[in-house]
1. Taking the condition aliphatic (A, V, I, L, M) and not in a strand (DSSP E or B), does residue 178 pass?
2. Identify the single condition in (1) of a type outside the set (Ser, Thr, Tyr); (2) at pLDDT 95 or above; (3) not in a helix (DSSP H, G or I) that residue 28 does not satisfy, given that it satisfies every other one.
3. For the subset of the range 112-150 comprising residues that are of a type in the set (Val, Ile, Thr) and surrounded by fewer than 18 Cβ atoms within 10 Å (Cβ to Cβ), which member is modelled with the lowest pLDDT?
4. So, in the range 92-111, how many residues would count as being closer than 21 Å to residue 56 by Cα and surrounded by fewer than 19 Cβ atoms within 10 Å (Cβ to Cβ)?
5. How about the range 88-120: which of its residues are under 12 Å from the mean Cα position of the chain (by Cα) and either in a loop (DSSP other than H, G, I, E, B) or of a type in the set (A, V, I, L, M, F, W, C) (or both)?
6. Out of the range 121-156, which residues are assigned to a loop (DSSP other than H, G, I, E, B), under 10 Å from the mean Cα position of the chain (by Cα) and not polar (S, T, N, Q)?
7. What's the total number of residues in the range 60-116 that are more than 22 Å from residue 152 (Cβ to Cβ) and of a type in the set (A, V, I, L, M)?
8. Does residue 62 qualify as being among the polar types (S, T, N, Q), touching a Gly at 6+ places or on another chain (Cβ under 9 Å), modelled with pLDDT of 95 or more and surrounded by 10 or more Cβ atoms within 10 Å (Cβ to Cβ)?
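The values are calculated or read from the model by the stated rules, or taken from the named source; none is laboratory data. Keep in mind that what you see is a predicted model, and the values were worked out from it rather than measured. So basically every Cβ, Gly included, is an ideal-geometry build from the backbone, and we count neighbours across all protein chains shown.
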Amino acid sequence: MKLKIRAILIALFAVFLVLANLSAQGSPTLTADQKAKVDAALKEYMALGSDPTVVKAVKEFNAAPPADTVGMTQEKWAGLSVLSPEVKGLSKNALAEYLKGKRTPLMAELFVSGANGTKVAFFAKTTSWSHKGKPKHDSPMSGKTWIDVPALDESSGKVTVQISFPVLDGGKAIGSIVIGLDVSKL
């Protein structure tokens, strides 16, 4: 009987250790040095928000979104493969190609959204079609920057900390840029 109780206690303790480890991995925290690097990266990358090529592309998107994305929903987006014309159109358009030329090793992902929160361009297919109603888009649309906590990013498969900032046209927010920073490179 004592042996059974001991085995059960050891098993429960092992389960506790596994759950504690998974919990810790699910929401890692940044060190002070990493936080300073995130802040520096945000300051550096914010220049993209007023880059004439980015501003022009977002203005054009806001005025006339691509026909093949009109009526897109989160559900439809989730069902698309990375080879679908809609996805390829946003990962290979002129803005996406321009931004790939600005990519740094720290960037695990980057996507640009129009005023309505839907995608204008990206490095690779995002998990969500629209980020309207989420701080990563809504904060920049109010003219503010935003920094998330580190998390496993579904689209890149890496632990990232997302930063976002507005695309500005004459001081007015017309879209947002979200960049996922690879925590392993901070």
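1. no
2. Evaluating residue 28 over (1) of a type outside the set (Ser, Thr, Tyr); (2) at pLDDT 95 or above; (3) not in a helix (DSSP H, G or I) leaves (2) as the failure.
3. Checking each candidate, the answer is 127.
4. Summing the residues that are closer than 21 Å to residue 56 by Cα and surrounded by fewer than 19 Cβ atoms within 10 Å (Cβ to Cβ) in the range 92-111 gives 9.
5. If the condition is that a residue be under 12 Å from the mean Cα position of the chain (by Cα) and either in a loop (DSSP other than H, G, I, E, B) or of a type in the set (A, V, I, L, M, F, W, C) (or both), then 107, 108, 110, 111, 112 are the ones that fit.
6. Those that are assigned to a loop (DSSP other than H, G, I, E, B), under 10 Å from the mean Cα position of the chain (by Cα) and not polar (S, T, N, Q): 131, 148, 153, 154.
7. 13
8. Yes: the conditions hold for residue 62.
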